[in-house]
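> For reference, the structure I am asking about is given below.
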Amino acid sequence: IDSQVILFDVGFLGTEAVLAGQAETATTAAFPMINFVAKGADLIVPCIAITGDNIKIVALDTIKTPQDFVGKRVGLIHGSVAHFGFDRYIQHFKLPKDKIRIENVPAAEQVALMAKGDLDAFVWVEPVVSRGIEIMKGRARVMEPNLGVVMTNRDYLQMQRAWAQKNPDVVTGMLRAYIEANELIKADPKAAAAFAAKRLNLPPEQVPELLRKGGSRWDIYLDGALPGELATIADWMRENKRLAAEPGDLKRIFAPEYLRKVAPESVKGF
C-alpha cells in the first residue's frame, strides 16, 4: 500500500476529508460518524480499528469517590464521547446530575483551567491526561473507578461506500495491513514506537509509555452487538440535542464482507 497519512487535531475532520474527496479513509469514534450518516453521508465501516478505555477522568485529590463529584466542576467537550461517558458514569453511581457543574472546555484548555483552579476534574485522552497530572504536581490523579466501568470506546474505520465498491482489493489490503501492524505492536513494541514517533513527531522513548497509559488495543474485528451500541449512542445524542437528523437503521453502515475475506474469525454476528 502506497499511503499518505494525514493527521488532524480532532477525528471528525478526517471524516470530513473523506466526504470531500481529500482522503480515502478516516478513523473516528461513533459520535461524529453517526451525525455524518444522519445527514446523508454514505459511509461504510469494514472494521473497528481501535478499542480501549482511553477516555479518562483526571480529578483533584479532593475527589476520592464518585460521590465527591457533587458540587464540583468537570471540564469536557460537550457532545463528545467524553461527555457521553461521563453521563453514563453519573447514572451508574446514581449521582445528582443537576449538582455537578459540567463545563464545555476544549481539550487544549482543560489542563490550564485545572491548574488555574477553575476545574476540579476533566475528561479526555492521552497525552492530555499525563500532562494534567504532571502539571498538577501530585494534586491530581487518574480517577478510580474510571469510565471503564460504564463504557468501552471504539474507533471506526470509515470510507465512502462507492469508493470501497470500486476498490475492494485496496480495502482488503488495508485490513491485512492493520492486522499485520497489530501483530508488530504486540511482538516488537520498540519498532512500533519508532514508526509512531516519526509520524507524531515525538521522542521514540516516550511512545511506549503513552501507548501503555492510553489503554488502547488495535485488534481488527466486527461484532453483531455494534449496531445496538450505536443505537444507544444515538439515543443519548437525541436526548442531549446533539443529533443532526434521524440516522435510521445504523446496521447499514457495517460492511463485514471485506474483513470476512481477510480474517473470517474476526467477524461475529453479521
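The values are calculated or read from the model by the stated rules, or taken from the named source; none is laboratory data. Remember, predicted model here, so these are calculated numbers, not experimental data. Here Cβ is always computed from backbone atoms with ideal geometry, including for glycine, and neighbour counts include all displayed protein chains. Surface areas here come from the heavy atoms of the whole protein model, side chains and all, with no ligands, DNA or RNA. Shrake-Rupley method; radii C 1.70, N 1.55, O 1.52, S 1.80 Å.
> On a 0 to 90 degree scale, rounded to 10, what angle separates helix 81-92 from the longest Cα axis of the chain?
That helix lies at roughly 60 degrees to the long axis.
> Estimate the FRET efficiency between Q22 and D219 by the formula 1/(1 + (r/R0)^6), using the beta-carbon distance for r and 22 Å for R0, to the nearest 0.05.
0.15
> Taking the chain as a Gaussian network, Cα atoms linked when under 10 Å apart, which of G132, G85, G21 shows the biggest mean-square fluctuation?
So, out of G132, G85, G21, the one fluctuating most is G21.
> Still on this structure: Hey, what's the Cα Rg ratio for region 1-142 versus the globular rule of thumb, 2.2 N^0.38 Å?
That ratio works out to 1.19.
> Ok, one more. Rounded to whole Å, give me the distance from the Cα center of region 1-49 to that of region 122-199.
If you average the Cα positions of each part, the centres end up 15 Å apart.
> Okay, moving on. For region 21-88, what D do you get in µm² per second when you plug the Kirkwood radius from alpha-carbon pairs into Stokes-Einstein at 4 °C and 1.567 mPa s?
It comes out at roughly 87 µm²/s.
> Using amide H atoms built 1.01 Å from N in the peptide plane, name the residues 5+ places from E103, or on other chains, whose amide H lies under 5 Å from its own.
Here the answer is V74, G75, L76, since their amide H atoms fall under 5 Å of that of E103.
> Shifting gears a bit: For the chain, with only Lys/Arg (+1) and Asp/Glu (-1) charged at the beta-carbon, what is the dipole magnitude about the Cα centre, in debye rounded to 20?
Magnitude of the dipole: close to 500 debye.
> Count neighbours as other Cβ atoms within 10 Å of each site's Cβ, and list the trypsin sites (Lys or Arg not before Pro) in region 44-83 that are DSSP loop with at most 12 such neighbours.
K64
> Leaving out ligands and nucleic acids, note down the accessible area per residue over the chain with a 1.4 angstrom probe, in whole Å².
52 Å²
> Taking K and R as +1 and D and E as -1, what net charge do the other residues with C-beta under 14 Å from the C-beta of Y258 add up to?
Result for the neighbourhood of Y258: +2.
> Follow-up. Pick from T25, T15, T65 the residue whose mean-square fluctuation is largest in a GNM of the chain, springs joining Cα atoms under 10 Å.
Highest fluctuation among the options: T65.
> Give me the count of lysine pairs in region 112-270 whose alpha carbons sit under 18 angstrom apart, restricted to pairs 8 or more positions apart or on different chains.
Count of close lysine pairs: 7.
> Whenever you get a sec, compute what percent of the accessible area on region 22-71 sits on carbon and sulfur atoms (1.4 Å probe).
Here carbon and sulfur together make up 49 percent of the probe-accessible area.
> I've got another one for you. Treating cross-link reach as a plain straight distance, find the aspartates and glutamates whose alpha-carbon is under 17 Å from the alpha-carbon of K39, omitting any fewer than eight places away in the same chain.
Counting by Cα, and skipping residues close in sequence, K39 has these aspartates and glutamates nearby: E16, D235, E246, D249.
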